[in-house]
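Below is one structure, written out as structure tokens; comments come after it.
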Amino acid sequence: MERKWEAKLKQIEERASCYERKPLSSVYRPRLSKPEEPPSIWKLFHRQTQAFNFVKSCKEDVHVFALEYKVDDGQRIYLVTTYAQLWFYYKSRRNLLHCYEVIPENAVCKLYFDLEYNKLANPEADGKKMVALLIEHVCKALQELYRVDCSAEDVFNLDSSTDEKFSRHLIFQLHDVAFKDNIHVGNFVRKILQPAFHLIASEDDDSTSETPGLGFSHFPETPIKQGIAFSKMSSDKDRGENWTLDSREWERLGSAKQSSPDLSFLVVKNNTGEKHLFVDLGVYTRNRNFRLYKSSKIGKHVALEIAEDNKFFPKQSKNISEENQYFLSSLVSNVRFSDTLRILTCDTFQSKQKRVEHFSSTSTKAENIEGFHCSPYPEVDRFVLSLVNKNGIQGGIRCWNYFFPEELLVYDICKYRWCENIGRAHKSNNIMILVDLKNEVWYQKCHDPVCKAENFKSDCFPLPAEVCLLFLFKEEEEFTAAGTMNSETQNPKPPSGVLSEAASDAAWDDSIDETDFVEATEDAELAEAAENVLLSYSGGVDEIPDELIMQVLQE
DNA sequence: CAGCGCTACCACACCCC
DNA sequence: GGTGTGGTAGCG
């Protein structure tokens, strides 16, 4: 819920800034389509959300990539294009040197791993052996939990090691099987590595002592409380079956006698000697950037290349080069669709709970609404801010609450603590400003326990005319709509008459996701960034043509 | 003018004894 | 003093 709210705020912010930059398109630029040429889609954005908005508006199968362009602070710009077009300009490796796939949240994806350890801190470690053992363990887990058959030959093994660091990416090429999204992949990975967490937590330094006979299975329940079962669900939209791990079957499997696997090979030491896992668990977050095959980190010169011990070989194809096949295989969110595709899920206890809460959410909060920084009443906000901006102290609105029955706006104030009760500012407690729209007055209360105990409330002061006037508008509208509108308690939307700004309007518009707001920014700096990224070298057969950069400039 | 998502950590408010 | 919460540095 909070997440949705944040995303919306962000979208609004984006939209506002773009409207400011380009109020209206003043020039009509007709364009002839050339049917004989494949559609060229190549757009750069400063913001990830804008890139994804553009993807949504696109008919074609386009994807978001992140391009690093500043050495120091890892700043990125976002490219939207097709896999084919990216490969066309990418393959020469003369440009687009530091490219990342953005694994979209909520997108079906492959099972993948980021593996690493410091060679100096682990002189005895045998990386290849560790990779082989991990793959073995994962395949066993896929078989036991989902009845998925696979082997090392289905694992694309990419190497990015240096003298100091052993570094690999593994991308599983399962047949007609994918995960619901990368959050589920993370849940699965944490689950199957559970026995290894015990090894890290244990203080005794003997890394091979796995306590046998404790009776826990390969993939224990805690702390990721989650069951496993193969309840075959009805087909998930248009893409085949949905296989879900569920609790009863987990118990069944758990009760089957299984010896605890020895995962001590996964334990490595970091620079400071602390125990860590060989598997990086930080790569299963929303919209994770995952470095592309043959790309290097900016400032480094080591690209991801096929590992010596890779055993995955893509099928030969007449139309697609072998390198292109490898490239396509390396893309985590490039899942081949088929009508027999199975979508694997792996829930955590928490995410399940949340879903239950969401579906069974009662309407206890339906009467009141709340938010941060600015309420749907910008005029009132401005007035409140003027009240808490005195004697050189600039207060702010920390959050607000609106109570429908009383038509009362309660503002929690920050940075300004003047309390009428004690005649000075509180030292550690904040104050509130309450705006009573019904009686057109405002007063002050505070969070201080002493003031609260005596139920302190300052004198009431009349609201200024501009706030009241707006309130009158609201009344008028309510009056005219009185016959049909009686849904205030069901729909906690403030009267629209006072929502004078477009931003406020949008804040209540649930359909904002559907609007196509897809302008690439018109910005010299972006173009410069693009040139830096794209034209790292000059000359060459597959150099990015000028038109592609111009496209960024014009649109 | 311009990255994103997340975790660990800290400071502070609040609550209770 | 324990617990919850908001802000943030820093990591991947």
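Read-outs throughout are calculated quantities, based only on the coordinates presented, and are distinct from any laboratory measurement. Only a predicted model underlies this, so the values are computations on that prediction, with no experimental measurement involved. Note that we place each Cβ from the backbone using ideal geometry, even for glycine, and neighbour counts take in every protein chain shown.
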> Which of the residue pairs A:LYS91/A:LYS297; A:LYS129/A:LYS269; A:LYS140/A:LYS165; A:LYS294/A:LYS318; A:LYS91/A:LYS269; A:LYS10/A:LYS438 have a Cα-Cα distance greater than 25 Å in the structure shown?
Replying inline: A:LYS140/A:LYS165; A:LYS91/A:LYS269; A:LYS10/A:LYS438
> So what are the ³J(HN,Hα) numbers for the range A:261-273, from phi and the Karplus equation (6.51, -1.76, 1.60; θ = phi - 60°), rounded to whole Hz, Gly and Pro as x?
Replying inline: x, 8, 9, 5, 5, 7, 8, 10, 9, 8, 3, 8, x
>> Could you check the spin-label model distance between A:LYS59 and A:SER321? Points 7 Å from the Cα along Cα→Cβ, value in nm.
In response: 3.0
> Hey, what D do you get for the range A:105-181 in µm²/s if you plug the Kirkwood alpha-carbon radius into Stokes-Einstein at 4 °C and 1.567 mPa s?
Replying inline: 95
> When the chain is fully extended, how far beyond the present Cα-Cα distance does A:LYS457 get from A:ASN106, taking 0.36 nm per residue of separation?
Replying inline: 121.5 nm
> In the P(r) worked out for the range A:422-466, what percent of Cα pairs fall beyond 11 Å?
Replying inline: 69
> So for the pair A:ARG382, A:SER40, with labels modelled 7 Å out along Cα→Cβ, what separation do we get in nm?
Replying inline: 4.7
>> Full-extension gain between A:ASN118 and A:THR49, please, as 0.36 nm times their residue separation minus the C-alpha to C-alpha distance.
In response: 21.3 nm
> Which shape class applies to the range A:57-108: rounded if a/c is under 1.5, otherwise prolate when a/b exceeds b/c and oblate if not, where a ≥ b ≥ c are the square roots of the Cα gyration tensor eigenvalues?
Replying inline: oblate
> Once you put a point 7 Å from the Cα of A:ILE393 and another 7 Å from the Cα of A:LYS165, both along the Cβ direction, what distance in nm separates them?
Replying inline: 4.8
